Amino acid sequence: MKLILDHFPNLNKKQIEQLSKLKAIYENWNQKINVISRKDIDNINLRHVLHSMSIAKFIKFKKQTKILDLGTGGGFPGIPLAILFPDCNFILVDSVKKKITVVENVVKELKLNNVISYCSRVEELDLKFDFLVTRAVAKMPKIINWSRGKFNLESNNEIKNGVIALKGGDINEELLSINNSTILPIEEILDNQYFINKKIVYVPI
């Protein structure tokens, strides 16, 4: 937890409590349904929790913002963000049933009442949202294509509604066809070597 508190010193008691429980909950569920690699589970606070929370250094979501987590896997970045923004609504989506089973149970154990989850593909869902967050699911043009027509037209945050993706490595090629992206190297906002070459990519819709 020290790693998280070093970067997010203003968390309240409830948030600290919820974030502190994550490692044990995921270790328990990972024995039943493997959603996180062994190497990553040992470093879950750095590689999953803090990585997810980096989005909160880029944007402070306003109350009632609707955020869809595409290809959430075991619940990242959606669950850590839902803990950070309890007044926002999170929709966690994955097409793999066992992953959503884990998500549903983590949400239940943490008593997160601002999260709903669906086992589905995003293009098949009949719902609207303000932001789509995602982590290493697909290349940006695909993500934008899948979510076309699903964004709320009215933007209530400091930045326009759109896609916020956690990306690694060389992303120049996948952004060639997108001329309005913003790229933020995570190492500029989180002081840890793990985040070298990792980026937040924002594309307004």
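The values are calculated or read from the model by the stated rules, or taken from the named source; none is laboratory data. Only a predicted model underlies this, so the values are computations on that prediction, with no experimental measurement involved. Here the Cβ positions follow ideal geometry from the backbone for every residue, glycine too, while neighbour counts run over all protein chains shown. With ligands, DNA and RNA removed, areas are computed over all heavy atoms of the protein, side chains included. Shrake-Rupley method; radii C 1.70, N 1.55, O 1.52, S 1.80 Å.
Here are some notes:
- Met1 meets the conditions (1) surrounded by 13 or more Cβ atoms within 10 Å (Cβ to Cβ); (2) over 22 Å from Leu84 (Cα atoms); (3) not β-branched (Val, Ile, Thr) in every case but one. The failed one is (2).
- Some residue of segment 56-72 being among the acidic types (Asp, Glu) and surrounded by fewer than 20 Cβ atoms within 10 Å (Cβ to Cβ): no
- Number of positions in segment 29-47 that are open to solvent by 60 Å² or more (accessible area, probe 1.4 Å) and at pLDDT 95 or above: 0
- Checking Lys142 against (1) open to solvent by 50 Å² or more (accessible area, probe 1.4 Å); (2) assigned to a loop (DSSP other than H, G, I, E, B), the condition it does not meet: (2)
- Pairing each residue of segment 84-99 that is acidic (Asp, Glu) with any residue that is part of a strand (DSSP E or B), provided the two are 6+ apart or on different chains, yields no C-beta distance under 6 Å.
- Filter result for the condition that a residue is under 21 Å from Val201 (Cβ atoms) and either out of contact with any helix residue (DSSP H, G or I) (no Cβ under 9 Å at 6 or more places or on another chain) or outside any strand (DSSP E or B) (or both), over Leu68, Leu81, Leu112: Leu81
- Considering (1) open to solvent by 80 Å² or more (accessible area, probe 1.4 Å); (2) closer than 21 Å to Ile100 by Cα, the lone condition that Asn10 does not fulfil carries the number (2).
- Within segment 194-205, considering residues that are farther than 19 Å from Leu70 by Cα and part of a loop (DSSP other than H, G, I, E, B), the one least open to solvent (accessible area, probe 1.4 Å): Ile196
A quick yes/no check of all residues on (1) aliphatic (A, V, I, L, M); (2) open to solvent by 50 Å² or more (accessible area, probe 1.4 Å); (3) closer than 12 Å to Lys139 by Cβ:
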position: Phe151; (1), (2), (3): no, no, no
position: Asn156; (1), (2), (3): no, yes, no
position: Gly162; (1), (2), (3): no, no, no
position: Leu176; (1), (2), (3): yes, yes, yes
position: Asn180; (1), (2), (3): no, yes, no
position: Leu184; (1), (2), (3): yes, no, no
position: Asn192; (1), (2), (3): no, no, no
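- Boolean, Glu104 is over 24 Å from Ile200 (Cβ atoms), modelled with pLDDT under 95 and open to solvent by 60 Å² or more (accessible area, probe 1.4 Å): no
- Counting only residues that are closer than 17 Å to Ala82 by Cα and either open to solvent by less than 70 Å² (accessible area, probe 1.4 Å) or not acidic (Asp, Glu) (or both), segment 16-28 holds 9 of them.
- When we screen Glu174, Glu187 for residues that are free of Cβ contacts under 8 Å to residues at least 12 places away in the same chain and not in a loop (DSSP other than H, G, I, E, B), the only hit is Glu187.
- The sole residue among Asp87, Asp126 that is in a loop (DSSP other than H, G, I, E, B), open to solvent by 10 Å² or more (accessible area, probe 1.4 Å), of a type in the set (Asp, Glu) and in contact with a Lys or Arg (Cβ under 6 Å, 6 or more places away or on another chain) is Asp87.
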